[in-house]
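What follows is a set of notes on a single structure, which appears directly below.
No value in this document is a laboratory result; all are computed from the given coordinates. Note that the structure is predicted; figures quoted are calculated from it, not measured. With ideal geometry, Cβ positions are generated from the backbone for all residues, glycine too; neighbour counts draw on all protein chains shown.
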Amino acid sequence: MSGSDVRDALPGIPAEYAAVPVATDQAGRALSICTLVRRKPDPVAGHLVVLRDLIDGRVLLGCLLDAGGVVQEWLELWIQDAQGLASTTAACRESLSNAVLDERWKSYFTAMSDADPAAIIRTGWENTNPLPTYVDLAAMQPMHPVDPQSGKQWELCRDDVLLKGKKLPTYSGSLHRYVYIPSLAAESPLLPVTPDAPGGESVLSITEITGGRRGLLALNAAGGLMMVRRHCPIRLEPFIDLLSGGSWDGVFHGRSILDLGATGEALKNSNPDLTSSGWLFLGPHGQPGRMVEALHLKLRLLADSAEAVRRVASATQRPMLNLSADSFQVRLAPPGAGLPFLWTARGLVCHPGEAVALPIRTSSMQYFLSGGSPGASVYKPASAGQSTRGLCSVRIRQVLPEAGGQTIVEGTLATQERFQAARYDLVWLRMNLACGRVDLYGQLEQATALAAGEWRFRTIGQRFGEEAVAALRSAEGVPVPETPFEIIPLLSTPCDLYSLAVLAVRALLVNDKTTIPVALDEMLSLARQIAEGYDETVALPLRIRQLFESDSRWAESLGPHRLVNQEMTPAEAMDLIPAEVWFDVLSAVVRLFPGVGPDSLARDYGDAPQGGIHKVFDPVVDALNDLVLRTRSLIVIDWRYNREIHAVVRKCLVGLGGEG
């Protein structure tokens, strides 16, 4: 498949699937936004093609369909859904509400718009909740539930006064959601659309929303906010493998492989054009050309990825805390005639991150929790630690007033849980007092000598009501047992720096002869070795060169021969990639690891400026862009510079009596 085929071919809907409009008003349009639905459910993945799960939503595969049934664009349908929060920590859930989730969703839209403006299709659903929507599987059409009594459509209830009047959790202050009939106002029945939502006299069963109809598939049952974004079929990691000489099978849906048209077919390893028209002129030139070109293209992807993360962090002022290779896609633009389509690749963020900000407005530092799975990942820094939670006994020593109406509590907590508290770690205590629940946020004292299992703490200044302050004073000196607590480490964008370092290791040092854990371990060993021999008078690339020259094992584990799946020795690879370039590449990666040594861009995983946490990525983007320019010069010859050199040579020859 040539570059012109990639540019011109338009895909259709795969045979076993249907394109269903996401709303009834989308049906019959010249261009309609649809979701892809498998007519018979896949045994593993079901009817809908879920691309990603978010803590507060999910991303489905959709398309922009014209009146002729041709797919003009493959789309991502981001649909807000709070059910994923059930797997998060208590502190995370307590920091969220529907109002906070809506603001997060709008920040997703802003961040994705800033990172890739042309990819967003603006529908208005980013700010206004659409109607609750189901898919009628028999007709393959959208359906908005209707109240059989009034004949009116159900809508999401955001009226806090109405909900409070019915003694239900408010929309803005809880994670529970209900739908109602707006025209009936306070007389409207309500249906809960979130699990475990409290009931009441006017609350019906959720089964009432479908009126007993069968064959309905929930698409957006809660009427959550939506975002529509152009979809890229290939993720970053398989694309890196393609550049190394590996293969890509396509997009999977359970046991099925989806045919997404020309771009997807062009990337499959069975396509002969991938090894010819996909590359620049260096492909036919053997190992030297392919290795240099692979290094350049991989550095471009890393530079794109770092810039995309910087833009997301700038828009949201939150770290991602779950950054990995799966956080990125690769977009391929249609190339012109004779141009290599792999050179049109651009790395893009496809996941906004899972960080949840703790609502502590009076602290000089900002704390974030990871809302995702607490499981280990090679992309997560182990030394950053997971939050420690459990039960403790609290003794309040004294309650101190502070200027500005804030209150500080000093006390002692005792627990059998084992943990190692760092300097800026935050302790969250939920005390059940006479006035109800009181949340305290503070820091543990490091130097105070106490009995085993006991820690002194001092809270940051917080604003409480008079009743809460009185209850805290009444509890002075009284042990309060069975108090839930959580130790929260100070984490920010330096965690994402670490993840970018692992991504760089994955792109540059992993081939079919090694794995990420092995390559990462070698890279961290190099960083620590460099830190031990730190000399501020010697540049980092030169120190790495000296280390390579003193011990050949470094070249074996971290040499440029890891760039591609080709048999060659480290010495042969060093003949193809200039040593000064490769050592600068390794230097850029070493600097990404926080707290390893004086060369690190960040001292620890919380070392980010308040109000500008995205700025930690600025030197990363600059360094990678510089490497992109330098490696490009190894491929695309500067003929003007060459002519200047030839002119000097000719003058020298003439001066020596030779021919010009």
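I want the local charge near residue 314. Using Cβ-Cβ distances under 9 Å, sum +1 for each Lys or Arg and -1 for each Asp or Glu among the other residues. Overall, the nearby charge balance is +2.
The modelled label-to-label distance between residue 521 and residue 400, using points 7 Å beyond Cα along the C-beta direction, is 4.8 nm. Footprinting exposure proxy ranking of 435, 350, fewest other C-beta atoms within 10 angstrom first, gives 435, 350.
Neighbour counting of Cβ atoms within 10 Å sorts the residues 394, 409, fewest neighbours leading, into 394, 409. Distant-in-sequence amide contacts of residue 444, defined by a placed amide H-H separation under 5 Å and a gap of 5 or more residues or a different chain, comprise 427. Take every pair of alpha-carbon atoms less than 8 Å apart whose residues are at least six positions apart; their mean separation over the length of the chain yields a relative contact order of 12 percent. Listed by chain and number, the aspartates and glutamates whose alpha-carbon sits under 19 Å from that of residue 106, ignoring those within fewer than 8 places in the same chain, are 53, 56, 76, 81, 114, 116, 126, 354.
Computed from label points 7 Å out along Cα-Cβ, the spacing between residue 185 and residue 610 is 4.6 nm. Taking GluC sites (Glu not before Pro) as exposed when DSSP calls them loop and at most 15 other C-beta atoms lie within 10 angstrom, the chain has its longest site-free stretch at 202-416. State, as an integer percentage, the relative contact order of the stretch 535-635 based on alpha-carbon contacts under 8 Å between residues 6 or more apart. Relative contact order, the stretch 535-635: 19 percent.
Per residue, the chain reaches -9000 deg cm²/dmol at 222 nm when only DSSP H runs of four or more residues are counted, each adding -39500 (n - 2.57).
For the stretch 424-489, trypsin sites (Lys or Arg not before Pro) are listed when DSSP marks them as loop and at most 16 other Cβ atoms sit within 10 Å of their Cβ; the list is 463. Rounded to the nearest whole Hz, the Karplus-based 3J(HN,Hα) values (6.51 cos²θ - 1.76 cosθ + 1.60, θ = phi - 60°) of the stretch 309-323 follow the sequence 5, 4, 5, 5, 5, 5, 6, 9, 6, 9, x, 8, 6, 9, 5, with x at glycine and proline. Relative contact order, whole percent, for the stretch 158-221 stands at 23, derived from Cα pairs under 8 Å and 6 or more residues apart. Of the options (i) 29.5, 99; (ii) 25.7, 89; (iii) 29.1, 107, only one is Rg and Dmax of the Cα atoms in Å as computed from these coordinates, and that is (iii). The distance linking the stretch 481-502 with the stretch 182-242 is 31 Å (Cα centroid to Cα centroid, whole angstrom). If you sort the three axes of the alpha carbon gyration tensor as a ≥ b ≥ c, you get a/c of 1.5 or more for the stretch 488-559 and a/b no higher than b/c, which makes it oblate.
Here the stretch 389-450 is assigned +1 on the Cβ of each Lys and Arg and -1 on the Cβ of each Asp and Glu. Its dipole about the Cα centre then comes out at about 200 debye. Remark: the stretch 173-179, residue by residue, has Karplus-estimated 3J(HN,Hα) of x, 9, 9, 8, 9, 10, 10 Hz, where x stands for each Gly or Pro and the curve is 6.51 cos²θ - 1.76 cosθ + 1.60 at θ = phi - 60°. The 3J(HN,Hα) values that the Karplus relation (6.51, -1.76, 1.60; θ = phi - 60°) gives for the stretch 142-150 are, in residue order, x, 9, 9, x, 10, 6, x, 6, 9 Hz. Gly and Pro appear as x.
Taking other Cβ atoms within 10 Å as a rough exposure proxy, 495, 34 sort from fewest to most as 34, 495. Each other residue within a Cβ distance under 13 Å of residue 595 adds +1 if Lys or Arg and -1 if Asp or Glu, for a net charge of +1. The local environment of residue 32, defined by Cβ-Cβ distances under 10 Å, has a net charge of -1 under the rule Lys, Arg +1 and Asp, Glu -1.
Listed by chain and number, the lysines whose C-alpha is less than 25 Å from the C-alpha of residue 380, apart from same-chain residues fewer than 8 away, are 298, 513, 615. Qualifying trypsin sites (Lys or Arg not before Pro) in the stretch 74-158, where qualification requires a DSSP coil assignment and no more than 11 other C-beta atoms within 10 Å, comprise 122.
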